Amino acid sequence: MVLSSPHSSRLKYLSLGVLVLQTTSLVLTMRYSRTLKEDGPRYLASSAVVSAEVLKIFACTLLVFIENNFSVQLLKEEIVNKPVETMKLAIPAVIYTLQNNLLYVALSNLDAATYQVTYQLKILTTALFSVSMLGKRLGFYQWLSLLCLMAGVTLVQWPTESEGDSEQKILSASSQFVGLMAVLMACVSSGFAGVYFEKILKETKQSVWVRNIQLGLFGFLFGFVGMIVYDGQRVRQSGMFQGYNTITCTVVGLQALGGLVIAVVIKYADNILKGFATSLSIIVSTLISYYLLEDFNPTGVFFLGAVLVIAATFLYSNEHKPASSSAIKI
């Protein structure tokens with residue numbers, strides 16, 4: 001199959017646009033939900049991960065039913081009757097579950113700027129895994145664009161000294177170290193799991209929604225076990241949905257939506273391009289912080305970083321197009 005049709009191209013860029021919006025909203029709401037001071041217990045991150053997997057399973061199942069005239073035959077044939085194919089999703093599922101929990105840990109211990117900059121290391125880890133696992137060949141300008149992107153994102157989110165920056169002063173060195181380790185582990189797991197899932201999607205004729213149901217089933221299983229192991233006592237005391245509110249439900253919904261959008265992106269594009277969309281979302285969230293939240297003052301460093309990110313995006317795209325003419329085979 002050649003990923004060069006107008007329909008695939010439109011779907012690719014549409015999914016990338018939605019991914020930018022989803023990622024921006026998720027980071028802002030997740031950080032807000034983990035720092036919001038409320039009476040009573042805070043919601044459990046492990047519970048939110050499990051809830052997102054359940055929501056994703058329901059959404060994908062509904063999409064499969066719609067595509068197949070509400071017949072359950074396809075699900076039985078592809079999931080129940082093909083246990084080997086289903087088991088292939090166990091590896092990325094456990095890694096995605098770990099990654100999702102790590103992101104909650106990171107955003108509970110790091111300020112948004114530090115988190116967003118550090119998490120962009122997943123672009124490089126994804127590129128390395130794409131080369132080693134998928135045999136992709138990146139040209140000189142593609143590697144240069146990755147370095148340019150990293151430099152640009154770092155400049156955009158470079159922390160500035162502020163007398164009123166009390167949040168960063170309150171954070172202890174130990175909590176920052178925990179957050180940093182969580183982000184670094186999430187970067188490595190994100191790169192490996194994303195490329196592994198891409199490899200499975202592009203080597204099979206199964207529906208992307210069926211694959212996500214398989215992924216979600218394992219994700220729910222591993223997430224539920226993790227919740228019982230680490231938060232079992234709190235669940236028994238106050239229930240699985242303790243501390244849930246409108247913001248929590250929004251975070252869960254955005255996280256579930258993100259899994260579906262990412263699946264479409266890596267089906268019709270690739271993980272590195274997904275990384276560029278995520279990086280652009282950082283700029284969008286920064287602009288929102290300036291115009292709506294009024295907690296950020298853009299500087300010359302910010303504009304230089306923005307130019308580098310845009311230039312890197314075009315540089316990667318122009319290098320990628322000639323290679324695609326030889327057809328990306330699935």
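Laboratory data are not the source of any read-out in this text; all were calculated from the coordinates shown. Computed from a predicted model, the values in this text were never measured in an experiment.
Computed quantities for the displayed model
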| quantity | calculated |
| --- | --- |
| Length added when fully stretched, ASN81-VAL301, from 0.36 nm per residue minus Cα-Cα | 73.6 nm |
| Linear extension gain, GLU67 paired with GLN242, 0.36 nm per residue minus alpha-carbon span | 59.4 nm |
| Kirkwood estimate for the range 198-257, i.e. one over the average of 1/r between Cα atoms, Å | 13.9 |
